[in-house]
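Here is the structure we will look at, set down as structure tokens.
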Amino acid sequence: MSTHPHLHRDDPKDYLHCEYGIRSWLFTTDHKRIAILYLVSITLMFFVGGAFATLVRLELITPQSDLLQPETYNRMFTMHGIVMVWFFLIPSIPAVLGNFLIPMMVGARDLAFPRINLLSWWLFTASGVFVLITIFIGGVDTGWTFYTPFSTFYSNSYAVAAALAIFINGFSTILTGLNFIVTVHTMRAPGMTWLRLPLFVWSNYATAVIMVLATPVLAITLLLVGIERVFRVGIFDPALGGDPILFQHLFWFYSHPAVYIMILPGMGVVSELVTAFSRKRIFGYHFVAFASMAIALFGFLVWGHHLFVSGQSLYAGLVFSLLSYLVAVPSAIKVFNWTATLYKGSVLLATPMLYALAFIGLFTMGGLTGLFVAALGVDVHVHDTYFVVAHFHYIMVGGMVTAYMGGLHFWWPKISGRMYPEGWAKIAAGLIFFGFNLTFFPQFVLGYLGMPRRYATYPPEFQVWNVLSTAGASILAVGYVVPLFYLFWSMRYGKIAPRNPWRASGLEWEEADSPPIKHNFEEVPTVTKEAYHYHEGVRLG
Amino acid sequence: MAGAALAVPFWPPPAAQSATAVDHLFIFLLAICGTVAAGIFITILYFAARYRRRADDEIGSLRPSPLWVELTWTAIPAAIFLFIFGWGARVYFSIYSPQVGALQIYVVGKQWMWEVQHPNGQREINQLHLPVNRQVQLVLTSQDVIHSFFVPAFRVKRDAVPGMYTTVQFHPTKAGEYHLFCAEYCGTEHSRMIGTVTVMEPRDYERWLAGTPRGEPLAATGERLFTKYGCVNCHGNIAPALDGVYMKGIGLADGRVVTADDQYLRESILDPGAKIVGGFPNIMPSFRGVVNEVELQALIEYLKSLGAPAAGYAGEERRPRRPVTRP
Amino acid sequence: MVEAEPVGPHHTPLREQFEALGQQREADTLGMWVFLSTEILFFGGVITSYMIYRSLFAPAFHIGSGHLDLVSGTAMTVILLASSFTMALSVHAAEHGLRRRLMLCLALTLVLGLAFLGLKAHEYYHVYQERLVPGSRFHLEGPHAREVQLFMMHYFIMTGMHALHMIIGAGMLIFLITYAARNTYKNYTVEICGLYWHFVDIVWLFLFPLLYLFELRTR
């Protein structure tokens, strides 16, 4: 991010070069710089979480516990979950790409509350420091789900510190969501009607609604857990007549919608990529846009499907199962519409498009296996097994991380002003796709065979599948490290990016420089066209 | 591997009626989802190749997105989903709905072992011996954190929750030894909270019953505890008599009528003031911290042995703990 | 309404991301509404938990509620309603640029808010003396003592969270009064802070019947 004399930028006012010095970054209110701050923070956290995953996978090469003692292993998978969920997946696309793009896509100079945006990042950093401290003093072994009464009375780890980190992190998420909602409502440029919004904005808007309405429930729930743990008395304590299942209801009332925080933005990215690399208006704009809102809405009504075997009433299970199938419908609609968009398009398989197509495939796998776990009878068998682990990694990693990588490559010219090296990028994409499938497909088999999750040791007959999975994980790890190098490399040596290298539609490509100036546009644009107006031609410079 | 082929398991052995039921649904799902996934993958690959960009400035052709197309691919998946939902629900109810005449076995999970009590007095740790072709009902609870009783070969699991009784049913169909896992993360030794379920032919099972050193029958233990804790001193004179109490409708002091199921009996031992029987004073001390979960189950088994309503236990799930209120 | 365009805003700067003051005002107001929707869910979580336990352990919650002072609870409710009224007057004064009246009303609101907090603190002390604080010191004779702890747990968490919001609101009022004294207030800032204050009052209007009026319902 430093400056280089040989850059020959005619315009020194672009957001990367308009101010210098560490203060101009740490106290910036520019949404683009804050996006970069988030990019750096979550990349760090991604590799921290990845390191835990590596240790987990290495331990599972053999059935016995040899690399890690079970006590350590339990901390590893817990920290992997906590770091990846709250410190990578939830902020990933919204806080990095959303922060960078939403103001530009709606035609605004910044988010509605730039200082609150900066506060979000500071809160995120504070919570990140907290979680790193928690790791260094010994970590936490409750699982990322903090189930009571284990987390409140039985765990001998730093559950309160971890809960506090997540509590603070929650404020960061809420404030980001609030900023997005207000921005989309009040900051749209003249002519930018709701139905002209890019689908990336729609999906992030839906995400923001979930962030604002679900996260506070997590906050109060973790507060209750903290109180119970510190004061040794609380409302989930069975000794007082308290109900540990109530904790699960409250936890999943947040955490199931949170799953949609972790996938909706990815769907938004893929809608942008598929249209840009087919040079075609998306098939069924309204259906894709409203599907996002439907997912956000129904997402609040399905939390009980995490409790099918918990002792929840059978009839409650019935309702939650039915609603879970309802929420699958809009996801299916999206997959069909993306596929149909390719029809008679002008398809270019550049790296972002490879990621987009991989997303559709992997998300389809994750979504279809969701039908298995939503089926009450099947869930009784696969609940809490590796089948579930594989299912949600297909959504979270195969879906969200893939979309994030695709989006990062697609908008990299806009963010950095430089092109990434296409050849290396394709190699990395290939490694990630292959490594991912080799890691997680065997886990479906393991799950149906009955291997429970969170097991440090396992019966020997499961070993072959575990070895395959670990082999895949090592390839996947390489696949994720490679982009780190070439993206850094490209910031200095990459080809200088034109304003609209992909000939894509959208205000960020057609109206803003690469990289954009501090206030995004010379003057606020007036919008006269629909989104994805490829047939009417796009502005190149 | 010279010669000796490494046994790579693909499918868990089906050893109960529930296993067959789950397998059938699973195979149906594999077939339908596999078809859909293959269809989408092939379409994507075909479109990507067929409509690949041939010139740098080529533009995709504007296609309308007709409403009927959208509605079609909304309605068809929705219909299929409903079908899967119905099937899944059927299997679920067949696994969790209690059935009359099942062999009742009590299981307590604790960090980190499974403690099993048979009605005839056999006690096992991390072992469960069952006869083949007999409906079995487990009554589960936990002494500390949440555990989950999971037998992959039966395709069933059920959480064991502290402060609550949960049940699970199965009908083993094939003799053999099968894995027993704890599926709900419960702390350090979670992955070692495992055991074996041994399903035996009736004759072997009889031999096992006879050959296993057993204490007294569970109900007898309960009776002994009933005397030891002095219950016998009051019940029958200044406290309600307990003959045939199990599954009886109990009129409470506040006018409600509750069914004396396992959960009610448990609560009345641990927290006697919670639901007081009409016409009796609230004088019973709490036995919380005095009797443990294993003893509780023995006491309840004893109360059941005092004669139960003829219909037997065919109630619904024991949750919610709020008793059924009749006007 | 005296006039369509109020005397204010005094020194309302247009922040650089906005095009017009109207847009800025709209964004700020919507921001507060969205924040309040978050708050609803925050309190909603613990109120849900309370409702569930109350239905499970009605007799115990009855006893617990009986240990709270209905008179002091009613007084707190009246005080808060009055503070909402003075807050509404503040908003009206701000819109019409009546600075002295604005300061007076804000100060009254602050005093009423602090009175509420004082009564609350007194009630906490009373509960503490009765040894009804859940935990090892908890002591209560009679049946249902165990579940009464659950009631008291909810009581402390719900009213504690509410009191915390009152303290934040009081701090906000002090800022507003300072701004008004320096004549640097924006008229709609008062309105937005008013939204928050009313919201905190409304939360109390749910907590009061839930916690204190249990007795009346079952009588």
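Select, from A:Tyr205, A:Tyr147, the only residue that is part of a loop (DSSP other than H, G, I, E, B) and either touching a helix residue (DSSP H, G or I) at 6+ places or on another chain (Cβ under 9 Å) or farther than 25 Å from C:Ser37 by Cβ (or both).
The match here is A:Tyr147.
Cβ-Cβ under 8 Å, sequence separation 6+ or interchain: first residue in segment C:14-26 and over 18 Å from A:Ile102 (Cβ atoms), partner among the hydroxyl-bearing types (Ser, Thr, Tyr) and in a helix (DSSP H, G or I). Which pairs?
Between residues of segment C:14-26 that are over 18 Å from A:Ile102 (Cβ atoms) and residues that are among the hydroxyl-bearing types (Ser, Thr, Tyr) and in a helix (DSSP H, G or I), the close pairs are C:Arg25/C:Tyr188.
Output the residues belonging to segment B:188-208 that are touching a Pro at 6+ places or on another chain (Cβ under 9 Å) and either aliphatic (A, V, I, L, M) or within 23 Å of A:Tyr458 (Cα to Cα) (or both).
Correct list: B:Thr188, B:Glu189, B:His190, B:Ser191, B:Arg192, B:Ile194, B:Val197, B:Val199, B:Met200.
Return a yes/no flag: does segment B:209-216 have any residue that is in contact with a Gly (Cβ under 7 Å, 6 or more places away or on another chain) and buried (at least 19 other Cβ atoms within 10 Å of the Cβ).
Checking segment B:209-216: not a single residue is in contact with a Gly (Cβ under 7 Å, 6 or more places away or on another chain) and buried (at least 19 other Cβ atoms within 10 Å of the Cβ).
Among the residues of segment A:332-351, which ones are more than 7 Å from chain B (Cβ to nearest Cβ) and either in a helix (DSSP H, G or I) or hydroxyl-bearing (Ser, Thr, Tyr) (or both)?
Selection gives A:Lys334, A:Asn337, A:Trp338, A:Ala340, A:Thr341, A:Thr351.
Could you run through segment B:178-195 and say how many residues are outside any strand (DSSP E or B) and either at the interface with chain A (Cβ under 7 Å from one of its Cβ atoms) or more than 17 Å from A:Ser155 (Cα to Cα) (or both)?
11
Given the options B:Arg288, B:Arg318, name the one that is at negative phi, modelled with pLDDT under 80 and touching a Phe, Trp or Tyr at 6+ places or on another chain (Cβ under 6 Å).
It is B:Arg318.
Looking at A:Val378, A:Val397 in this structure, which one is in contact with a Phe, Trp or Tyr (Cβ under 7 Å, 6 or more places away or on another chain), surrounded by 24 or more Cβ atoms within 10 Å (Cβ to Cβ) and β-branched (Val, Ile, Thr)?
Of the residues listed, the single one that is in contact with a Phe, Trp or Tyr (Cβ under 7 Å, 6 or more places away or on another chain), surrounded by 24 or more Cβ atoms within 10 Å (Cβ to Cβ) and β-branched (Val, Ile, Thr) is A:Val378.
Per-residue answers, yes or no, for (1) free of Cβ contacts under 8 Å to residues at least 24 places away in the same chain; (2) within 28 Å of A:Phe372 (Cα to Cα); (3) facing another protein chain (nearest Cβ under 10 Å):
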| site | (1), (2), (3) |
| --- | --- |
| B:Val69 | yes, yes, yes |
| B:Ile76 | yes, yes, yes |
| B:Ile95 | no, yes, yes |
| B:Trp114 | no, no, no |
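Residue-wise test of (1) closer than 24 Å to A:Val83 by Cα; (2) at pLDDT 95 or above.
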position: A:Pro149; (1), (2): yes, no
position: A:Ser157; (1), (2): yes, no
position: A:Ala162; (1), (2): yes, no
position: A:Thr176; (1), (2): yes, yes
position: A:Val182; (1), (2): no, yes
position: A:His185; (1), (2): no, yes
position: A:Asn204; (1), (2): yes, yes
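Applying the selection to segment A:281-294, what residues are of a type in the set (A, V, I, L, M) and over 15 Å from A:Phe200 (Cβ atoms)?
A:Ala294
Return the residues of segment C:45-56 that are without any contact (Cβ under 8 Å) to a residue 12 or more places away in the chain and either facing chain A (nearest Cβ under 7 Å) or closer than 16 Å to A:Thr186 by Cβ (or both); say none if nothing qualifies.
Within segment C:45-56, C:Gly45, C:Ile52 meet the criteria.
So that you can scan it fast, the table gives a plain yes or no per residue for (1) assigned to a strand (DSSP E or B); (2) among the charged types (D, E, K, R); (3) not assigned by TED's automatic domain parsing to the domain that holds B:Thr198:
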| position | (1), (2), (3) |
| --- | --- |
| B:Ile76 | no, no, no |
| B:Phe83 | no, no, no |
| B:Gly86 | no, no, no |
| B:Gln99 | no, no, no |
| B:Glu124 | yes, yes, no |
| B:Leu130 | yes, no, no |
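Residues to consider are A:Thr78, A:Thr29, A:Thr43, A:Thr3; find the one that is among the hydroxyl-bearing types (Ser, Thr, Tyr), farther than 17 Å from A:Leu132 by Cβ and at pLDDT 90 or above.
On inspection, the qualifying residue turns out to be A:Thr29.
Looking only at segment B:135-163, filter to residues that are under 20 Å from B:Asn292 (Cβ atoms) and assigned to a loop (DSSP other than H, G, I, E, B); which one of those is farthest from the other protein chains (Cβ to nearest Cβ)?
B:Gln143
Please note which helices (runs of 4 or more DSSP H) are completely contained in segment A:361-421 and include at least 1 residues that are on the phi < 0 side of the Ramachandran plot, at pLDDT 95 or above and more than 9 Å from chain B (Cβ to nearest Cβ).
A:386-395, A:402-416
Each row is one residue, and each column tells you yes or no for (1) closer than 30 Å to A:Phe231 by Cα; (2) surrounded by fewer than 21 Cβ atoms within 10 Å (Cβ to Cβ).
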| site | (1), (2) |
| --- | --- |
| C:Arg131 | yes, yes |
| C:Pro143 | yes, yes |
| C:Met153 | yes, no |
| C:Met161 | yes, yes |
| C:Ile167 | yes, yes |
| C:Ile177 | no, yes |
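Using the structure shown, decide if B:Ala308 is of a type in the set (A, V, I, L, M, F, W, C), under 20 Å from B:Pro98 (Cα atoms), surrounded by fewer than 19 Cβ atoms within 10 Å (Cβ to Cβ) and modelled with pLDDT under 80.
Yes.
Just a yes or no: is a residue in segment B:133-151 of a type in the set (Ser, Thr, Tyr) and surrounded by fewer than 20 Cβ atoms within 10 Å (Cβ to Cβ)?
Checked segment B:133-151: no residue is of a type in the set (Ser, Thr, Tyr) and surrounded by fewer than 20 Cβ atoms within 10 Å (Cβ to Cβ).
With respect to A:Thr29, is the statement that it is surrounded by 22 or more Cβ atoms within 10 Å (Cβ to Cβ) and touching a residue at least 24 places away in the same chain (Cβ under 8 Å) true?
The answer is no for A:Thr29.
Which members of segment C:94-130 meet the condition of being under 21 Å from C:Ile79 (Cα atoms) and small (Gly, Ala, Ser)?
C:Ala107, C:Gly113, C:Ala115, C:Gly118, C:Ala121
Working carefully through the options B:Glu223, B:Glu267, find the one that is out of contact with any strand residue (DSSP E or B) (no Cβ under 8 Å at 6 or more places or on another chain), closer than 26 Å to A:Gly311 by Cα and not in a loop (DSSP other than H, G, I, E, B).
After ruling out the rest, the residue left standing is B:Glu267.
Based on this model, can you work out whether A:Thr439 counts as within 30 Å of B:Ala7 (Cα to Cα), surrounded by 24 or more Cβ atoms within 10 Å (Cβ to Cβ) and either in contact with a His (Cβ under 9 Å, 6 or more places away or on another chain) or not hydrophobic (A, V, I, L, M, F, W, C) (or both)?
yes
Does A:Ala456 qualify as being in contact (Cβ under 8 Å) with a residue 24 or more places away in the chain and not in a helix (DSSP H, G or I)?
Answer is yes for this residue.
If you take the residues in segment C:81-92 that are out of contact with any Gly (no Cβ under 8 Å at 6 or more places or on another chain) and in contact (Cβ under 8 Å) with a residue 60 or more places away in the chain, which one is nearest to C:Tyr212 (Cα to Cα)?
C:Leu81
Which condition does A:Val329 not pass, out of (1) within 23 Å of the chain's Cα centre (by Cα); (2) more than 7 Å from chain B (Cβ to nearest Cβ); (3) surrounded by fewer than 22 Cβ atoms within 10 Å (Cβ to Cβ), if it passes all the others?
Here A:Val329 clears every test but (2).
The values are calculated or read from the model by the stated rules, or taken from the named source; none is laboratory data. Treat the numbers as computed from the prediction; the structure is a model and nothing was measured. For neighbour counting, all protein chains shown are included, and Cβ atoms are generated from backbone atoms with ideal geometry for every residue, glycine included.
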